[in-house]
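Below is one structure, written out as structure tokens; the observations come after it.
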């Protein structure tokens with residue numbers, strides 16, 4: 001399976017709803033367009049037949065005297081004038097006995113319109129036959145207007161989607177991958193796949209702590225929480241990359257859906273155990289630290305740690321735009337009132353909308369509570385305890 005094919009499938013999955021709406025809208029416009037074009041053709045045909053009957057009636061009235069006198073010259077002149085009209089292809093005069101008196105044009109095609117020629121006293125002296133023109137009605141303006149209307153509707157749908165994503169702080173439109181030269185790829189050495197999911201751990205009040213404590217002292221203060229993090233991610237096959245207080249990231253490899261869910265469980269477990277340890281430190285009169293976590297799919301996203309540190313303490317969040325790429329349950333995770341929109345220097349163009357992930361692990365709450373107690377007990381018993389310190393277990 002090529003990387004370009006997987007990227008295309010991911011782009012199609014991301015833009016699936018928009019593409020589906022555009023296809024449905026296009027099919028609806030085509031169906032309505034065909035219906036109205038058929039109606040227009042029918043109305044044009046009815047109007048043409050009515051116009052032919054009116055022309056036949058006028059010609060029959062004007063040709064009554066000439067037909068009664070057998071004046072073929074006058075009848076030929078009337079026939080040529082009638083055929084000169086766009087809606088008439090041919091005209092023929094016949095006497096009451098069926099003898100042809102005059103004709104103009106090619107009498108072929110559909111059935112002609114027939115009108116009797118009568119004198120003022122009501123006697124029939126002949127009849128006139130008109131064949132309609134075979135020229136198709138002009139539909140180009142109607143078809144051009146229909147195509148323009150369809151394009152406008154599709155453009156409005158794309159514009160509405162772009163505005164809604166802009167207001168939610170999501171990318172306006174995913175870019176399709178650039179074509180890749182397979183021969184060139186075959187010549188390049190294979191690179192190991194990157195992590196499928198990344199768990200970022202942010203330290204609350206980072207600027208305040210950096211200003212108050214030296215780096216060495218802060219590292220010593222973070223050591224109990226660092227051990228908690230390492231034990232928590234080990235339970236879910238994660239790998240720590242960086243220490244707490246720095247650019248801390250936990251990498252999860254494997255299937256994207258499974259890796260993202262392991263990252264959610266590991267992040268929730270760490271936040272639960274870290275909260276209990278911070279509460280114990282607070283009761284003991286020591287500094288209690290707070291943490292927030294963010295699940296993402298991009299290990300190279302430099303802004304992810306900044307978004308994480310701005311998130312609420314004790315909450316595990318995910319960018320709304322990455323719910324689908326990480327294959328997380330959007331219905332279970334969606335909490336519109338709890339979502340958080342963050343910006344960088346009041347710049348809406350780099351705004352991101354974060355969604356809490358607590359509901360995704362509700363069914364594992366008891367297991368995570370038990371694991372957090374076990375982690376806290378293991379971390380406390382492994383550290384030297386001061387005389388006035390008591391174990392929370």
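The values are calculated or read from the model by the stated rules, or taken from the named source; none is laboratory data. Note that this is a predicted model, so its numbers are computed, not measured. Heads up, the Cβs are rebuilt from the backbone with ideal geometry, glycines too, and the neighbour counts pull from every protein chain shown.
Cβ separations smaller than 6 Å between residues 6+ apart or across chains give no pair from segment 364-378 residues that are on the phi < 0 side of the Ramachandran plot and modelled with pLDDT under 75 to residues that are part of a helix (DSSP H, G or I) and loosely packed, with under 14 Cβ neighbours inside 10 Å. Note on segment 227-326: enclosed strands (runs of 3 or more DSSP E) holding 1 or more residues that are farther than 20 Å from residue 210 by Cα, free of Cβ contacts under 8 Å to residues at least 12 places away in the same chain and more than 30 Å from the chain's Cα centre (by Cα) are 239-241. Scanning segment 1-14 for residues that are in contact with a helix residue (DSSP H, G or I) (Cβ under 9 Å, 6 or more places away or on another chain) and surrounded by 13 or more Cβ atoms within 10 Å (Cβ to Cβ), which turns out modelled with the lowest pLDDT? The extreme case among them is 4. For residue 56, the test of being surrounded by 14 or more Cβ atoms within 10 Å (Cβ to Cβ), more than 17 Å from residue 107 (Cβ to Cβ) and touching a residue at least 12 places away in the same chain (Cβ under 8 Å) is failed.
For residue 29, the conditions (1) touching a strand residue (DSSP E or B) at 6+ places or on another chain (Cβ under 8 Å); (2) farther than 13 Å from residue 129 by Cα are fulfilled apart from (1).
For segment 59-73, the set of residues classified as touching a strand residue (DSSP E or B) at 6+ places or on another chain (Cβ under 7 Å) and within 13 Å of residue 118 (Cβ to Cβ) consists of 59, 60, 63, 64, 67, 68, listed by residue number. Could you look through segment 121-140, keep only residues that are in a loop (DSSP other than H, G, I, E, B) and touching a residue at least 24 places away in the same chain (Cβ under 8 Å), and pick out the one that is nearest to residue 44 (Cα to Cα)? Among residues in segment 121-140 that are in a loop (DSSP other than H, G, I, E, B) and touching a residue at least 24 places away in the same chain (Cβ under 8 Å), the one nearest to residue 44 (Cα to Cα) is 137. Could we say that residue 105 is at pLDDT below 85 and over 16 Å from residue 78 (Cα atoms) here? No, not satisfied.
Filtering segment 72-91 to residues that are farther than 21 Å from residue 48 by Cβ, touching a helix residue (DSSP H, G or I) at 6+ places or on another chain (Cβ under 6 Å) and in contact (Cβ under 8 Å) with a residue 24 or more places away in the chain leaves only 75.
Close contacts from segment 92-112, counting a first residue that is on the phi > 0 side of the Ramachandran plot and surrounded by 11 or more Cβ atoms within 10 Å (Cβ to Cβ) and a second that is at pLDDT 85 or above and part of a strand (DSSP E or B), with Cβ to Cβ under 6 Å and a gap of 6+ residues or different chains, come to 105/90; 109/131. Yes or no: segment 277-300 includes at least one residue that is crowded, with 20+ Cβ neighbours inside 10 Å and modelled with pLDDT under 75. Checked against the condition, which is being crowded, with 20+ Cβ neighbours inside 10 Å and modelled with pLDDT under 75, segment 277-300 yields no hits at all. Residue 202 satisfies every condition listed in (1) in a loop (DSSP other than H, G, I, E, B); (2) more than 24 Å from residue 366 (Cβ to Cβ); (3) in contact with a helix residue (DSSP H, G or I) (Cβ under 7 Å, 6 or more places away or on another chain) except (1).
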